[in-house]
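Computed from the coordinates by the stated procedures, all read-outs in this text should not be read as laboratory data. Please read these numbers as outputs of a predicted model, since none were measured by experiment. Quick reminder, even Gly has a Cβ in these numbers, built from the backbone with ideal geometry, and neighbours come from all protein chains shown.
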Amino acid sequence: MKILCYGDSNTYGYDGAEVFGGRFPEDARWPELLGRMLGCESVNLGLNGRQVPRFQRTIEADLTLLKRSGDGLILVMLGTNDLLAEADPTDTAAHMRQFLLKLEEAMPDSAVLLCAPPPVAGFGEGYENAFRELADAYEALSRDLGLLYTDATPWGIPTCSDGIHFTEQGHRLFALKMGQTIRAFLN
């Protein structure tokens, strides 16, 4: 099995504790930890600042990136940057629907696991509600499209002082929870 981990800076492994930003070493990032945990190849396709693709050029570029990585289980976790940019959770889910339909068309031999991202910490009740709304919208979207789904909002992933980026402990916990989720789907 191959897992394509498509996401934002938390998938990339951005180290929010570094003054000028940095990247956690490969052995500390959740996609790589997940691959070792499951004994499979895991491809880290995280990109700092990535939002749900909504423009044709971006959709095509990201689909090309995914196709070049080969078929497998595509784990999609996006939405944090959208919500931080004040996007509406319903609009974000609508853009995700558009992207996932194109993804299924482009990679019909791959399975898709949509993950609602963990919420940011310390940003107030408005953001807490937005992440909950996004999780609910993603769950409905997954049911509608017949995709696998998991909700990381209750996982309690530790973040750096910025409240956004996972700590090393957060990467380990996320990999553990995602590994449990994937094993449950496989059984």
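Worth pointing out:
- Taking amide H atoms as placed 1.01 Å from N in the peptide plane, the amide H of residue 120 has no partner under 5 Å among residues 5 or more positions away or on other chains.
- Exposed-site-free run, longest, the chain (rule: chymotrypsin sites (Phe, Trp or Tyr not before Pro); DSSP loop; at most 14 other C-beta within 10 Å): 56-187
- Using the Cβ-Cβ distance between residue 184 and residue 136 with R0 = 25 Å, the FRET efficiency computed as 1/(1 + (r/R0)^6) comes to roughly 0.75.
- Annotation: amide H-H contacts under 5 Å for residue 159 (H modelled 1.01 Å from N, sequence separation of 5 or more, or interchain): 167.
- For the chain, averaging the sequence separation of C-alpha pairs within contact (under 8 Å, six or more residues apart) and dividing by the residue count gives a relative contact order of 26 percent.
- Length gained when the stretch residue 125-residue 102 is fully extended (0.36 nm per residue, less Cα-Cα span): 4.9 nm
- Each residue, residue 68 and residue 26, gets one label point 7 Å from its Cα in the Cβ direction; the gap between the two is 1.8 nm.
- Straight-line cross-link partners of residue 67 among the lysines, defined as a Cα under 24 Å from its Cα and at least 8 positions apart when in the same chain: 2, 102.
- Extension gain, residue 17 back to residue 56 (0.36 nm per residue minus Cα-Cα distance, nm): 10.6 nm
- In sequence order, calculated HN-Hα J values of the range 16-21 (Karplus, 6.51, -1.76, 1.60; Hz; x Gly/Pro): x, 7, 6, 4, 9, x
- Residues of the range 97-121 with amide N under 13 Å of the 7 Å Cα→Cβ point at residue 144: 97-101
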